[in-house]
Structure formats: C-alpha cells, structure tokens
Amino acid sequence: MVNRLWHWCVVYVLLISLTACAGPQPILRSNKQLHLYGKQMARQEIQSCRKKVEETGLQPGVHQSANAATGAILGLTLGGAVGASAGIIGGLPGVTIGAAAGSGLGLVVGLLGGTFKPLEPEPPYADAVTSCLKEKGYEVSGWE
C-alpha cells in the first residue's frame, strides 16, 4: 500500500514539475487565419510577436503570489484525490492516510510549482502581443 502511494506521489510530482516550466502562451481562437496557415505557423507567429514585444523592453512578468496560491489550492485538491484513490486498497484508514499524505505533498508541490509558473503575463505585455497577433489576422481569447 505504501509503495503504491509512493508511486502515485512520484507521478504527481513529475507531472507538476513538467507543467511548472511552461510560460504563459496566448490561446488562439479558431478563425480563418488559423485554419489557413495551421497551428505550426501560428506558433511561429506567436514567437515572432513575443520577440518583437520583448525588444521594446516589455517583459511577460508574473504575479507570483496569485500563482502560488492557485498552485497550492490545485495541489492540495489533486494531491488529496490521488492520495485517497491510492489508499482505497487499505480501506478507510488507507484512504485517510493517502488523502492526508497526498494533500500535504500536493500543497507543497503546488505552492512551489505555482510560484514559478506564470499563469498570465503582465497586462501591457499581453496587450502588445495580442495586438501584434491581431495585426497578423489571429484572434486571442486568453492566456494559459
């Protein structure tokens, strides 16, 4: 039972750490431009706009405290769920221990992951990149 819990915790930590490295990306709305040139060309256009905006001195920036809180809440919730499901074999005590261990680990990993993962760039940067993409025919529906 402990080995199974440990296994799920390791998988959870790896998934969080992989997603924690990604920066904020614009979400493109499906439109004629996106269909005509495809996702690969859209990614190149996004990179081009980001580079152009960063050359002006604007940086994506992050809201560390909001990201950390979001990461901690997600980690706590998902960690508890994963821990509880891993502890099902042990009955009620296993579920309780699994949920507590998963929540604790999820809270710490989520807090750390959220601190380093920008969910949204600074508004001036986002506006400039969105404007650049709009000039190229794309529509941005948000950031992730």
Next item on the list: For S131 and Q59, compute 0.36 nm times the residue count separating them, minus their Cα-Cα distance, and round to one decimal in nm.
Entry: 24.4 nm
Next item on the list: Mind listing the long-range amide H neighbours of W143? Cut-off is under 5 Å, sequence gap 5 or more, other chains count too, H placed in the peptide plane at 1.01 Å from N.
Entry: I27
Next item on the list: Please compute the net charge surrounding K52, taking Lys and Arg as +1 and Asp and Glu as -1 over other residues with Cβ under 14 Å from its Cβ.
Entry: -1
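What's the extension gain from I88 to Q40 if we count 0.36 nm per residue and subtract their Cα-Cα distance?
Once the chain is fully extended between I88 and Q40, it gains 12.9 nm.
Bear in mind that the values in this text are calculations on the coordinates, not laboratory data. Small disclaimer: the values here were computed from a predicted structure and weren't measured. All Cβ positions, glycine included, derive from the backbone under ideal geometry; neighbour counts span all protein chains shown.
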